[in-house]
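Remarks on the structure that follows.
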Amino acid sequence: MTVARSSLSTSEDGTIRGMEAIEVTGLRKTYGGRDAVAGIDLVVARGEIFSLLGPNGAGKTTTVEILEGHRRRTAGDVRVLGEDPGRAGSAWRARIGIVLQDAADAADLTVSEMVGHVAGFYPDPHKAGEVIERVGLSEKRNSKIRTLSGGQRRRVDVALGIIGRPELLFLDEPTTGFDPEARRQFWDLIRTLAADGTTIVLTTHYLDEAEALADRLAVVAAGRIVAEGTPATLGGRSGAEARVSWVENGTARTEQVTDPTDLIRRLVHDGADLSTLTITRPTLEDTYLSLIGASR
Amino acid sequence: MIAVSLSRGHVELLQFLRDRTAVIFTFFFPALLLLLFGTIFGSTSTEAGVSVSRVFTASMIAYGILNTAFVTMGSGLAMDREDGTLKRLRGTPMPAAAYLVGKGLLVLALSIAEAAVLIGVGVLVFDMPLPGDAQHWLTFAWIFLLSVIGCSMLGIAVSGLVKNARNAGAILNVPVVALQFVSGVFIHPMSQLPDWLEKVASIFPVRWMAQGFRYVFLPDEAKVQEIGGSWALGTVAMVLGAWCVIGSVLCLVTFRWTARDK
């Protein structure tokens, strides 16, 4: 109870605590004297798609597993849907959904059997058939999970994660092993869930995925958050200089400018050949790599 | 809670029956051992005039239960921890008890089937007569239940020591096989053992399980072959009950949802 009170008292910005889906202050997790998570502060608003990026071993999965209630923390204050995941009970678990990263369970059950079985744990689940349809596995409903491809197996995990109508869904590297088409379909599914008001926490290695889906993202490196923002503004991306390249009289030219408008107006005025013109800003990947590089 | 537990028991059983290797190993192996032992030594009779194959049949029920309760529970739990079953369930509102009840239902069903197979071999192959009175069957029921519960609890407790699920079967079979040699299952009567070994073996439940099942399926005269010359059913109940308690305590202390924090 004292933990809850201290969380309430730290609210100085006038917002009512508990409105956010996730609030984390000073989270630390130590394994044998080494900090896997070295002080993370995080707020995820309700209805938001929030993405956690970072290299392997950065502490993403540890952080998410603490939020899911799978791991105990060493220190810090954590509220997920208003409760401490380390102590929350089954009513709280009925409100969250977890899509596991590397589960190989239930291999001898069929898709229908497993989804129907897990549906029975929740007070108000979706119909198993509808969820199987939604993840695009209707044709495989009577196949044993053992016989599915890697991407299909992950879609079963997604079905199991959303069967209980979660308010908050955790997705840990969900599209590993998907082919490009399956990834696009999966993204659409995530967008529909978000449109229904589901809060989504996504960890991923794929920067295009984070860019396509996330409202907000944070980059974790060496157990700390090194940058936080929207995909467009992360790490000062929007303010970065644009790189304008074109060919003039057979020579490649490049200029770095904050706003390319004037430069292009001048080029048009000079009658330069603009068929080779390109304007690039740092990609999310460039920004990400420089962020995690800087933290090392 | 009841519906969820039954649902767990149902999928446990479905998964077990679909794994043919497990089915064959669990049911066929004890039956095969019984056929071999019974055939090799079957022509002889004990001092009490009971054929050795009958003695083996009764004692082997203890082995069957070790197999279906201790080994199945222990390796099943280690496997569930490794393949993500437990992690998955932990992330749902399913109560932890429903998982264990589900496993318990699986173990109970397998143990009943195992006992039926072994008794069937005894009756059909070795002409073992079944007890005709309710009192022997009642004794069978409580020895059977205490054995299944105790062995299951110990299986759960030991599963926490298994680091790699693939090795679970091998690790769990070490105590199973060793105890059978010293508990009067493979080597009977136990009085052939050195005195100290007999005392050590008597600490563990297997001796008392086998002795209890011999009471059920052998004529009363056969008790002269037991240590102390009696069936000692009171001690059977006490030791098995004690192991149920010890096993439950160990479970509460050692049960983990996931593999150890790295």
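Rule-based calculations on the coordinates, nothing more; no lab input. The shown structure was predicted, so the numbers you read here are calculated from the model rather than taken from an experiment. Reconstructed Cβ throughout: ideal geometry from the backbone, glycine too, with neighbour counts over all protein chains shown.
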Partner aspartates and glutamates whose C-alpha sits under 18 Å from that of A:K29, ignoring same-chain residues fewer than 8 away, are A:D41, A:E65, A:E68, A:D77, A:D84, B:D261
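Let me know the mean shielding of A:99-109 by other chains, meaning the per-residue number of their Cβ atoms within 10 Å of its Cβ. Write out the running numbers ahead of the final one.
On the way: counts 1, 4, 2, 3, 5, 5, 11, 7, 5, 8, 4.
Taking the mean over all residues of the peptide, I get 5.
Which GluC sites (Glu not before Pro) from the range A:87-157 combine a DSSP loop assignment with at most 10 other Cβ atoms within 10 Å? Numbers along the way, then the final one.
Numbers: sites: A:E113, A:E130, A:E133, A:E139; in loops: none.
Nothing satisfies the criteria.
Counting only helical runs of four or more DSSP H residues, what would the 222 nm mean residue ellipticity of chain B come to if each run contributes -39,500 (n - 2.57) and the total is spread over all its residues?
On the way: 12 runs with 182 residues, N = 262.
Mean residue ellipticity, 222 nm, calculated: -23000 deg cm²/dmol.
Within the range B:43-115, which GluC sites (Glu not before Pro) sit in a loop by DSSP and count at most 15 neighbouring Cβ atoms inside 10 Å?
Loop-located and lightly packed - B:E47.
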Log10 I(q)/I(0) at q = 0.17, 0.18, 0.24 Å⁻¹ for the range A:196-296, from Debye over equal alpha-carbon scatterers, is -0.83, -0.87, -1.21
Taking max minus min of the Cα coordinates of the protein assembly as shown on each principal axis, largest first, gives extents in Å of 117, 53, 43
For chain B, one quarter of the surface area of the C-alpha convex hull, expressed in nm², comes to 14.5
With label points set 7 Å from each Cα along the Cα-to-Cβ direction at B:L233 and A:D259, the distance between them in nm comes to 9.9
Taking Lys and Arg as +1 and Asp and Glu as -1, residues besides B:V148 with C-beta under 14 Å from its C-beta add up to 0
Looking only at lysines whose Cα falls under 25 Å of B:K223's and that sit 8 or more positions away or on another chain, we get B:K199
Looking only at lysines whose Cα falls under 21 Å of B:K163's and that sit 8 or more positions away or on another chain, we get B:K87, B:K103, B:K262
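Given N residues in the range A:151-248, what is Rg(Cα) / (2.2 N^0.38 Å)? Display every interim value, and only then the final one.
Values: Rg = 16.2 Å, N = 98, 2.2 N^0.38 = 12.6 Å.
That ratio works out to 1.29.
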With Rh as the Kirkwood radius over Cα pairs, chain A has Rg/Rh of 1.06
